[in-house]
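Written below as structure tokens is the structure these notes are about.
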Amino acid sequence: MDIPYTVEARPDSGLYNAKLGIWLFLASEVMLFGALFSSYILLRVGAPEGYWPHGWLNVPVGTVNPLVLITSSITTVLAWAALKMNQFGKFKIYHGITILLAMTFVGIKSYEYHDKFMHYEITLNDGRVADGHLVERTKDHVTISGRFVKDRVELYDLHHHKVHQHEEIKLEQSQIKRMDNYGPWHNTYTAIYFTLTGLHALHVIGGAIVIGFLWGPGSKMWRTDPERFTNRIEVSGLFWHFVDLVWIFLFPVLYLL
């Protein structure tokens with residue numbers, strides 16, 4: 001039994017099945033990320049003045065990721081165009097580059113996440129606050145590369161409260177009242193940051209797995225049904241463009257504003 005409209009367009013929509021399906025799926029994705037962006041706006045507007053973080057993210061490192069994803073969107077279009085021109089070899093090259101760029105994006109994001117999990121805010125029994133990156137932690141002491149602050153508000157707006165120098169600070173465990181890293185549990189900002197970027201990263205990984213399958217085992221369909229295979233590449237490309245578009249919105253909202 002043949003499945004209808006896998007290649008030819010449906011008379012009711014003018015699209016073949018897979019393309020209609022991906023557009024419906026992307027509509028649901030718009031609602032998902034739209035709700036999360038709305039949550040971010042409400043949380044930011046509702047935050048006490050001076051207590052919404054600025055300058056917590058590494059802008060030069062973060063700037064690389066939009067460039068990586070935009071380039072990967074170009075290469076996935078070139079891969080689809082290569083198939084339309086019956087150039088399977090070029091398709092393999094362009095799609096291979098797309099996969100490598102996806103891995104680069106995830107690698108950069110992993111580096112940023114690691115930086116946050118190694119960054120600690122430490123409240124001492126005497127009321128002082130130490131902030132910095134963990135160097136060493138034993139049962140007797142904790143060593144960080146960071147600074148002391150007089151008021152926690154200094155930790156929030158790093159653009160206004162410039163950090164001129166970090167030093168190695170060694171603290172006895174008995175001095176420490178509370179020690180928290182900058183994971184999603186740290187405060188409202190890190191919670192929404194990890195939610196938005198983590199969900200997006202899962203989409204990148206999922207899309208890369210699909211593209212990897214189509215580049216590898218799935219490419220056997222090219223020999224038996226090239227037009228349907230080309231359609232699959234187009235559908236995976238539409239999802240990848242959506243992933244790229246979401247990050248183009250996420251980057252300025254989280255890193256620049």
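The values are calculated or read from the model by the stated rules, or taken from the named source; none is laboratory data. Just so you know, these numbers come straight off a predicted model, no measurement behind them. Using ideal geometry, Cβ is built from the backbone for each residue, glycine included, and neighbour counts are taken over all protein chains shown.
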Kindly provide the set of residues from the range 164-192 that are surrounded by 12 or more Cβ atoms within 10 Å (Cβ to Cβ) and either of a type in the set (A, V, I, L, M, F, W, C) or in contact with a helix residue (DSSP H, G or I) (Cβ under 6 Å, 6 or more places away or on another chain) (or both), ordered by number. I169, L171, I176, M179, N181, Y182, G183, P184, T188, A191, I192
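Quick grid of which residues meet (1) among the aromatic types (F, W, Y); (2) under 18 Å from the mean Cα position of the chain (by Cα):
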{"residue": "L32", "(1), (2)": "no, yes"}
{"residue": "L36", "(1), (2)": "no, yes"}
{"residue": "A47", "(1), (2)": "no, no"}
{"residue": "Y51", "(1), (2)": "yes, no"}
{"residue": "W56", "(1), (2)": "yes, yes"}
{"residue": "S73", "(1), (2)": "no, yes"}
{"residue": "F91", "(1), (2)": "yes, no"}
{"residue": "I97", "(1), (2)": "no, no"}
{"residue": "T104", "(1), (2)": "no, yes"}
If you take the residues in the range 177-233 that are touching a strand residue (DSSP E or B) at 6+ places or on another chain (Cβ under 8 Å) and assigned to a loop (DSSP other than H, G, I, E, B), which one is nearest to K84 (Cα to Cα)? Y182
Limited to the range 37-63, what total is found for residues that are surrounded by 11 or more Cβ atoms within 10 Å (Cβ to Cβ), more than 21 Å from V246 (Cβ to Cβ) and not small (G, A, S)? 4
Residue ID - nearest to W247 (Cα to Cα), chosen from residues in the range 193-236 that are touching a helix residue (DSSP H, G or I) at 6+ places or on another chain (Cβ under 6 Å) and among the small types (G, A, S): A201
Check A18 against each of (1) touching a residue at least 40 places away in the same chain (Cβ under 8 Å); (2) part of a loop (DSSP other than H, G, I, E, B); (3) among the hydrophobic types (A, V, I, L, M, F, W, C) and name the one condition it does not meet. (2)
Right, A130: modelled with pLDDT of 90 or more, of a type in the set (A, V, I, L, M, F, W, C) and out of contact with any Leu (no Cβ under 8 Å at 6 or more places or on another chain) or not? no
Tell me, yes or no, whether the range 166-184 has at least one residue that is of a type in the set (V, I, T) and not assigned by TED's automatic domain parsing to the domain that holds V246. yes
Identify all residues within the range 123-168 that are within 31 Å of the chain's Cα centre (by Cα) and under 17 Å from N187 (Cα atoms); write none if there are none. T123, V129, A130, D131, G132, R152, V153, E154, L155, Y156, D157, L158
